[in-house]
Structure formats: structure tokens, C-alpha cells
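*Asks:* Let me give you the structure first, and then I'll get to my questions.
Where a number appears in this text, it was derived from the coordinates with a stated rule and is not lab data. Owing to the predicted nature of the structure, the values given are computational and were not obtained by experimental measurement. No Cβ is skipped: glycine too gets one built from the backbone with ideal geometry, and neighbour counts run over all protein chains shown.
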Amino acid sequence: MINAVGTPQSLLLLGGTSEIGLAIAENYARQRSLTVTLAARPSERLDAAAEKLRGLGATVRTIAFDALDLDSHQKVVDDAFAEGDVDVTVLAFGLLGDAEQAWQDHATGVELAQVNYTAPVSLGIALAQRLRKQGHGSVVALSSVAGERVRRSNFVYGSTKAGFDGFFLGLGEALRPDGIHVTVVRPGFVHSKMTEGMKAAPLATTPDKVAEVVVNAVRARRELVWAPGQWRLVMSVLRHIPRPIFRRLPI
Ligand SMILES: NC(=O)c1ccc[n+]([C@@H]2O[C@H](COP(=O)([O-])OP(=O)(O)OC[C@H]3O[C@@H](n4cnc5c(N)ncnc54)[C@H](OP(=O)(O)O)[C@@H]3O)[C@@H](O)[C@H]2O)c1
């Protein structure tokens with residue numbers, strides 16, 4: 001159960017090698033003894049992530065998870081809940097890919113849509129049923145400012161995040177009567193393996209800083225947060241800029 005100061009005892013990380021997801025798990029593991037399930041494609045990176053969390057005192061197990069294998073999602077969720085309640089579930093898997101290739105190459109664009117939108121919907125539906133049965137729990141959905149106002153420079157990724165964002169805001173409303181809480185998180189540019197080699201954007205941040213935002217948001221049962229928080233103000237302006245001007249902005 002989540003304790004009086006809002007710290008969970010058990011966490012499921014869907015995207016068990018995500019740098020942001022792991023920073024969230026590590027933040028919690030430093031606060032309290034934590035049971036973590038890392039759901040990810042098997043890899044050395046996954047093994048190293050599990051070892052690092054064990055080094056922080058967490059009990060860790062791994063589950064094989066491929067976002068593209070939609071038929072396996074129910075089993076992934078069932079396995080994750082098989083050994084007891086899950087207090088916090090973080091959806092942290094995702095693809096950025098090459099923005100120009102994504103709208104010109106069929107396979108690339110479809111993979112991005114499936115990993116970033118179809119798979120989260122598939123898992124969100126499976127999760128919702130388990131959480132309602134369990135009667136408590138928080139879900140953290142890693143969205144992006146890119147989905148808040150989709151721009152030409154990465155519109156395939158942005159459109160997947162717009163759909164993702166809308167789905168999890170809606171799921172939060174649907175689960176509210178059951179006492180299940182959903183936090184949608186909109187980070188800007190985060191230094192992680194997803195953005196490796198890219199020029200940092202303004203307000204760039206780190207996985208640890210995003211983790212702090214997430215931990216505070218879950219504690220306060222916030223529904224929607226930006227990381228860093230200044231993005232909220234920036235986006236409230238960008239959202240309303242007329243298209244002819246918006247397309248001329250260097251973003
Ligand atoms: N970094 C940013 O600037 C930023 C900004 C806003 C939002 N976000 C979002 O935050 C989330 C976490 O990103 P991050 O920065 O932590 O990136 P990351 O370290 O690259 O993590 C993304 C994870 O997604 C996993 N993944 C990709 N395709 C998968 C598939 N088919 N099946 C299972 N897992 C798959 C990868 O697993 P493998 O190890 O198997 O490749 C990887 O661990 C993502 O949803 C991202 O869109 C990131």
C-alpha cells in the first residue's frame with residue numbers, strides 16, 4: 001500500500017529499461033523498501049537496471065514485455081499482479097525515432113504509432129480491470145509536451161503522444177469513482193538514451209529531475225503535471241498561437 005507520506009511499497013515499470021522510469025523507481029527505492037517489477041525486452045541493460053535497484057535494497061523481478069506484441073499484454077499485466085498488489089504502475093516505454101523517416105516510411109510510422117499509442121491503450125485497458133479489482137493504485141503515464149501542440153518537426157511522435165495523453169486523462173476520469181488515480185506527465189526535452197546525440201532544447205532536464213516531479217505528483221494525487229513545471233506556462237502560450245505564426249517558430 002502507499003503509505004501516509006505517499007510512498008509505494010510496490011511498483012510496476014512498463015518499459016523497464018527507460019531512464020526516466022528507472023529514475024522514478026530508484027527515487028522510491030531510496031525512500032522505502034520497494035518491490036519492483038521491471039517489464040521489458042530481455043537485455044543486458046535490463047539486467048544492469050535490476051542489479052542497480054537491488055543495490056538500493058529493492059526486491060526486483062523482471063517480466064518479458066514487448067509493446068508490439070499486443071496479444072501478450074493481458075498476460076504481462078496478470079503476471080505483474082500475480083504476487084500481490086501493485087501500488088504504482090509507470091508506463092515509460094516509447095519510441096522517438098527519426099521524425100522525417102516516420103512520416104515517409106510506412107513501417108517506421110506504424111511502429112511508432114503502435115508502440116506509443118496502441119500498446120499503451122491495450123495495457124491501459126488491462127491495467128484498469130486489475131486496479132479496479134484491487135481497489136487502489138496509481139498510474140503514471142509519461143506523455144510529452146510534443147503532444148500538447150503537435151508541430152511539423154516531429155508530428156508523427158507528437159500525434160502519438162497527443163492520443164496517449166488524451167487516453168490516460170480520460171482513463172483517470174473513468175477510474176476516479178473507484179479511487180484509482182492517474183497522473184499524466186508532460187516532460188519537455190530530457191537527457192536520456194532517447195535523446196542521445198540530439199541538441200538539447202530549452203528547459204532541458206534530467207531523468208532524476210523528472211522523477212522528483214513524478215514522486216511529488218503521485219503524493220499529491222495530481223492529474224496532470226509538466227516537467228519541469230515551467231512548461232505549463234510555456235505551453236499555455238504556445239497552444240494558442242495561430243498556425244501561420246506557429247509554423248514560423250524555430251521548434
Ligand atoms: N527523453 C525525452 O526527452 C522525453 C520527453 C518527453 C517524453 N518522454 C517519454 O518518456 C518515456 C520514457 O522515455 P526515456 O527518456 O526514459 O527514454 P528511454 O530511456 O529511451 O526509454 C524508452 C524505453 O522504451 C522501450 N521500448 C521501446 N520500444 C519498445 C517495445 N517495442 N517494447 C518494449 N519496450 C520498448 C525501450 O526499451 P529497450 O531497452 O528494449 O529498447 C526503452 O527502455 C517515453 O514514453 C518517452 O516518449 C521522453
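*Asks:* Treating the angle as unsigned and between 0 and 90°, give the value, to the nearest 10°, between the Cα long axis of helix 155-175 and the longest Cα principal axis of the chain.
*Replies:* 40
*Asks:* Here is a further query. Within the chain, what is the number of lysine pairs with alpha carbons under 29 Å apart, leaving out pairs fewer than eight places apart on the same chain?
*Replies:* Step by step, the pairs that qualify in the chain add up to 13.
*Asks:* Using Cβ contacts closer than 10 Å as the measure, can you line up Y117, Y28 from fewest to most?
*Replies:* Y117, Y28
*Asks:* Still on this structure: What FRET efficiency comes out for N3 versus R132 if R0 is 22 angstrom and r is the Cβ-Cβ distance? Round to the nearest 0.05.
*Replies:* 0.50
*Asks:* Restricting attention to the alpha-carbon atoms of the chain, what are Rg (one decimal) and Dmax (integer), both in Å?
*Replies:* For the chain, the Cα radius of gyration and maximum Cα-Cα distance read 17.4, 54 Å.
*Asks:* Residue by residue, what Karplus-based ³J(HN,Hα) values in Hz, rounded to whole numbers, does the range 103-109 have, using 6.51, -1.76 and 1.60 with θ = phi - 60° and x for Gly and Pro?
*Replies:* 3J(HN,Hα) across the range 103-109, in whole Hz: 9, 10, 10, 3, 4, 5, x.
*Asks:* Which residue fluctuates most in the GNM of the chain (Cα springs below 10 Å): L233, L96, L34?
*Replies:* Evaluated over the chain, the most mobile residue of the options is L233.
*Asks:* Further question on the same structure: Angle between the Cα long axis of helix 19-31 and the longest principal axis of the chain, 0 to 90 degrees, nearest 10?
*Replies:* 40
*Asks:* How many percent of Cα pairs in the range 122-227 exceed 17 Å?
*Replies:* Everything past 17 Å amounts to 56 percent.
*Asks:* Would you kindly state how much longer the chain becomes between Q101 and R61 on full extension, computed as 0.36 nm times their sequence separation minus their alpha carbon distance, in nm to one decimal?
*Replies:* Going from the current span to full extension adds 10.8 nm.
*Asks:* Label Q31 and L249 with points 7 Å out from Cα along Cα→Cβ: what is the distance between them in nm?
*Replies:* Going by the 7 Å Cα→Cβ label model, 3.3 nm.
*Asks:* Based only on other Cβ atoms within 10 Å, what is the fewest-to-most ordering of V225, V5?
*Replies:* Ascending number of Cβ neighbours within 10 Å: V5, V225.
*Asks:* Would you order I125, I245 from fewest to most other beta-carbon atoms within 10 Å of each residue's own beta-carbon?
*Replies:* Placing the least packed residue first, the sequence is I245, I125.
*Asks:* GNM on the chain, C-alpha springs below 10 Å: top fluctuator among Q104, Q114, Q74?
*Replies:* Top of the fluctuation ranking is Q104.
*Asks:* If I model a spin label as a point 7 Å beyond the Cα along the Cα-Cβ vector, how far apart are those points for D71 and E212 in nm?
*Replies:* 4.6
*Asks:* If I take R0 = 22 Å and measure r between the Cβ atoms of A174 and V110 in this structure, what FRET efficiency does the formula 1/(1 + (r/R0)^6) give, to the nearest 0.05?
*Replies:* 0.20
*Asks:* Now, a different point. Which of G16, G163, G57 moves most in a GNM of the chain, Cα contacts under 10 Å?
*Replies:* G57
*Asks:* Okay, next question. Per residue of the chain, what 222 nm ellipticity follows from adding -39500 (n - 2.57) for every DSSP H run with n ≥ 4, rounded to the nearest 500?
*Replies:* When only DSSP H runs of four or more count, the value is -13500 deg cm²/dmol.
*Asks:* Please list, ordered by chain and number, the residues whose modelled amide H lies under 5 Å from the amide H of V140; skip anything fewer than 5 residues away on the same chain.
*Replies:* T89, V90, L91, T183
*Asks:* Only Lys, Arg, Asp and Glu count, each charged at its Cβ (+1, +1, -1, -1), so figure out the dipole size of the chain about its Cα centre, rounded to 20 debye.
*Replies:* Magnitude of the dipole: close to 1040 debye.
*Asks:* Assuming R0 = 25 Å, can you tell me the calculated FRET efficiency for the pair E44 and S236, based on Cβ-Cβ distance, to the nearest 0.05?
*Replies:* Using R0 = 25 Å, I get an efficiency of 0.05.
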